[in-house]
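The values are calculated or read from the model by the stated rules, or taken from the named source; none is laboratory data. Quick caveat, the model's predicted, so the values are computed rather than measured. In this analysis, Cβ positions are derived from the backbone assuming ideal geometry, glycine residues included, and neighbour counts consider all displayed protein chains. Note: accessible area is taken over every heavy atom of the protein model, side chains too, but ligands, DNA and RNA are not part of it. Shrake-Rupley method; radii C 1.70, N 1.55, O 1.52, S 1.80 Å.
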Amino acid sequence: MPRKRSSEPTAQGGRETALRLLSRREHAAAELKYKLVRRGHDESTAADIVGQLAGAGWQSDARYAGMLVRSRVEQGYGPLRIRAELEAARVPESEIRAALDAAEVDWAVRAASVHARKFRDAARTPAEWQKQYRHLAMRGFEAAQIRAALKRSGAHTPDDAD
């Protein structure tokens with residue numbers, strides 16, 4: 001039987017909505033607040049609800065950041081892309097740093113793994129090298145990590161033409 005929705009959202013309804021959202025997956029505090037506001041709750045009520053849930057341990061930016069880092073590492077993304085996604089979710093810088101450090105990922109090895117999965121052969125020409133470099137850069141790896149991955153694959157950098 002479908003539930004009736006009242007025209008005026010209540011704090012209790014907002015709390016139930018927030019808990020339902022959190023039961024599906026972790027949410028950053030700002031994201032959860034945004035979703036409550038979109039569902040008709042005013043800004044201050046949404047902020048209060050999120051604050052109460054965070055205080056009770058139901059919502060945690062640290063947990064959200066850790067979940068997102070693990071997920072994106074498995075998907076083959078680098079630290080720059082992951083950091084940008086966490087910043088867009090308005091996760092505090094201290095939580096971002098802690099989540100990336102806790103992941104204990106060797107980013108150069110991860111970049112090499114992503115490279116090997118995408119490209120069968122090492123780059124033989126400068127154009128191939130640039131294409132492979134751009135692919136890893138778009139995935140969010142840093143320049144040093146990309147160069148190490150390409151070198152590990154046996155690719156010669158365009159500067160090696162001497």
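What the table shows:
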item	result
Some residue of region 6-14 being at pLDDT below 90 and of a type in the set (A, V, I, L, M)	yes
Number of positions in region 35-66 that are within 30 Å of Phe141 (Cα to Cα) and either of a type in the set (Lys, Arg) or open to solvent by 60 Å² or more (accessible area, probe 1.4 Å) (or both)	1
Enumeration of residues in region 7-26 that are exposed (fewer than 11 other Cβ atoms within 10 Å of the Cβ), within 30 Å of the chain's Cα centre (by Cα) and not in a helix (DSSP H, G or I)	Arg25
Leu53 at pLDDT below 95, in contact with a Phe, Trp or Tyr (Cβ under 8 Å, 6 or more places away or on another chain), within 27 Å of Ala103 (Cα to Cα) and not in a loop (DSSP other than H, G, I, E, B)	no
Selected residue [assigned to a helix (DSSP H, G or I), modelled with pLDDT under 95, of a type in the set (A, V, I, L, M) and open to solvent by less than 70 Å² (accessible area, probe 1.4 Å)] from Ala112, Ala155, Ala137, Ala122	Ala112
Cβ pairs under 9 Å, 6+ apart, first in region 124-149 and within 13 Å of Ala108 (Cβ to Cβ), second in a helix (DSSP H, G or I) and among the polar types (S, T, N, Q)	Leu136/Gln145; Ile146/Gln132; Ala149/Ser113; Ala149/Gln132
Region 56-82, residues that are part of a helix (DSSP H, G or I), out of contact with any Lys or Arg (no Cβ under 6 Å at 6 or more places or on another chain) and either hydrophobic (A, V, I, L, M, F, W, C) or within 16 Å of Glu31 (Cα to Cα) (or both)	Asp61, Ala62, Arg63, Tyr64, Ala65, Gly66, Met67, Leu68, Val69, Val73, Leu80
Those residues of region 125-134 which are assigned to a helix (DSSP H, G or I), polar (S, T, N, Q) and open to solvent by 50 Å² or more (accessible area, probe 1.4 Å), in sequence order	Gln130
